[in-house]
Amino acid sequence: MLQSNFAGLVDDRPEDNLFRVHRRIYTGEDVFAAEMERIFEQSWTYVCHESQIPKAGDYYATKLGREPVLINRRDDGSVGGLLNACAHRGALLNPTQRGNSRVLVCRYHGWSFSANDGRCVRIKDASGEDPACYALRKVPRVESYKGFVFATLNEQAPPLAEHLGAAATIIDLLADQSGEGMEVLPGVSSYIVDGNWKLQAENGVDAYHVTTVHRNFANTVKRRDQLLGHKGLKSTDVGRFSGALKNGTYDLGHGHTVIWTMRGDPAAAPLWEAKDEIEPKVGPVKWDWMCGRGRNLFLFPNLFLMDQSSTQIRVLIPLSPSRTEVKVYCLARKGESRAARAARLNKFRDFFLGSGLATTDDSAALEDTQSGAHASAEPWNVFRRGWDGYSQGPDEEAKALGLNPVASNSRWDPETHYVGQYRRWRELMSDG
Ligand code: FES
Ligand SMILES: [Fe+2]
């Protein structure tokens, strides 16, 4: 019953060059409940970066779908996860989102649990109760790829590497930018958008909106530079927004997608100073992709890795059909110069911060779209742009990188890659 209902919300007719989704996918309470159950509580989702939990006992609290979890660093150096609900009467075990605790003490009645394996180690005023009878449940699967930690409640999920597939090649372009590794910088920009999580998932790989929604950003930065001049590294290269530079889009499989465009001036990137260190290690083609091209990678269902004017991790946390929490972190090269770090943070603040010059405009567009999704006389959102540039498998650019996408597009502003996102959505939503 549910299966046919949800599958029918994606109208997939490539033979007619038609691909559209029913607006109920953004508004339906039943759709959202099924998404939590079938997508966010079953498939791999991103939870945190290893640099956020470097020491034994460090934990990071988040959710897998509706279920609260703690992802933590164990004494043996491995990363694990525990369901964040006391084995007594279910209180959350952490007072803060991040912290360090080898023993988790519940604030309600004082039961204590080992952060290593969840064993109950003490029951206050036990009165014969045996702590050995109680434990926090473990998150069944937690795996890391080059510092990016993913988890799932599904014991039968395929290995993380299989889930990432071709997308791992694009992750490498960010993860391999420093011999010392990458680190999440302190601080988080957290905000709530009155829009469905899939609208945010679309927006981060939507180059089509850039010249309308971000005209304000481009004009403001240009004017600011005219008035103040550049300080330190060159300013954000807003010329790429026009789409005049070489660009493209890939459907990477499993719902993962990426858009990319050449940078007008690679020397404006904070990474440029590492050219002599990194290029010999990775070769000229990978270096060109790392530093010479901006990329927005979406890892279905909840993570963006954006390497544009600055670098960011953007995590989507669905709260309801019409509300999504977004957490944004700046990811940086360990050991970079003060000048590069300052430029990275300045550019991060300009565009990516929840209160920045660009993200606020995106949020307004998403909220408009969410409101419009209630229009029922014409209930379909249509993805028809850019089929003339679409081809199955890798194009020449991908082949040179060793990337094997499901499909390529020679433009960065088509709507063809949403086919990959929504076929994955339909596949998972049809498995009930
Ligand atoms: S709910 Fe945790 S000790 Fe009672
Ligand atoms: Fe945007």
- Task: Report, in degrees rounded to the nearest 10, the 0 to 90 angle that the Cα long axis of helix 215-228 makes with the longest principal axis of the chain.
- Result: 80
- Item | Over 22 Å (Cα to Cα) - which of Lys286/Lys327; Lys347/Lys399; Lys63/Lys198; Lys55/Lys124; Lys246/Lys286; Lys63/Lys124 fall in this group | Lys286/Lys327; Lys347/Lys399; Lys55/Lys124; Lys63/Lys124
- Message: In 10 Å bins starting at zero, report the fraction of Cα pairs in segment 1-135 per bin as a rounded %.
- Response: 11, 30, 24, 16, 13, 4, 1, 0
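Work the Kirkwood hydrodynamic radius out for the chain: mean of 1/r over every pair of different alpha-carbon atoms, inverted, in Å.
About 22.8 Å, per the Kirkwood formula over Cα pairs.
Please state the relative contact order of the chain as a whole percent: Cα pairs under 8 Å, 6+ residues apart?
20
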- How large, in Å, is segment 194-346 by the Kirkwood hydrodynamic radius built from its alpha-carbon pairs? 16.7
- Task: Using the 4.7 Å Cβ rule, please list in number order the cysteines from the chain without any candidate partner.
- Result: Cys48, Cys120, Cys133, Cys291, Cys330
- What is the helix-to-structure angle for 418-429, meaning the angle in degrees between its Cα long axis and the longest Cα principal axis of the chain, kept from 0 to 90 and rounded to the nearest 10? 20
- Tell me, what is the percent relative contact order of segment 376-432, built from C-alpha pairs under 8 Å that lie six or more residues apart? 35
- Alpha-carbon Rg with Dmax, taken over segment 100-211, Å: 20.7, 69
- Convert each backbone phi in segment 376-386 into a coupling constant with the Karplus relation 6.51 cos²θ - 1.76 cosθ + 1.60 (shift: θ = phi - 60°), then list the ³J(HN,Hα) values in order as whole Hz, x for Gly and Pro. 10, 5, 10, x, 10, 8, 9, 10, 10, 7, x
- Message: Give me the extension gain from Glu67 to Ser51: residue separation times 0.36 nm, minus the current Cα-Cα distance, reported in nm with one decimal.
- Response: 3.4 nm
- Query: If we count GluC sites (Glu not before Pro) as exposed when they sit in a DSSP loop and have at most 16 other beta carbons within 10 Å, what is the longest stretch of the chain that avoids them all?
  - Reply: 181-432
- Message: Need one number: nm distance between label points at Glu155 and Lys275, each 7 Å from Cα along Cα→Cβ, rounded to one decimal.
- Response: 5.4
- Want the number for Lys246 to Arg215: 0.36 nm per residue separation, take away the alpha-carbon distance, what's left? 9.2 nm
- Task: Just need the relative contact order of segment 1-123 here, percent rounded to a whole number, with Cα pairs under 8 Å and 6+ apart.
- Result: 14
- Using alpha-carbon positions, what is the distance between the centroids of segment 388-413 and segment 294-339, in Å? 23
- In segment 158-174, which residues have a backbone nitrogen under 18 Å from the label point lying 7 Å from Val285's Cα in the Cα-to-Cβ direction? 166-174
- Residues whose modelled amide H sits under 5 Å from the amide H of Trp111, counting only those 5 or more places away in sequence or on another chain, are Cys106, Lys124
- Task: With label points built 7 Å along Cα→Cβ from the Cα atoms of Ala400 and His374, find their separation and express it in nm.
- Result: 4.9
- Task: Please calculate how many Å² of accessible area the chain carries per residue, with a 1.4 Å probe and no DNA, RNA or ligand atoms counted.
- Result: 42
- For labels at Glu325 and Arg341 in the simple 7 Å Cα→Cβ model, what's the distance in nm? 2.9
- Taking only C-alpha positions in segment 292-410, Rg and Dmax in angstrom work out to 17.8, 56
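The values are calculated or read from the model by the stated rules, or taken from the named source; none is laboratory data. The structure displayed is predicted, hence computed values, not measured ones. For neighbour counting, all protein chains shown are included, and Cβ atoms are generated from backbone atoms with ideal geometry for every residue, glycine included. We work out accessible area using only protein heavy atoms, side chains counted, and drop any ligands, DNA or RNA first. Shrake-Rupley method; radii C 1.70, N 1.55, O 1.52, S 1.80 Å.
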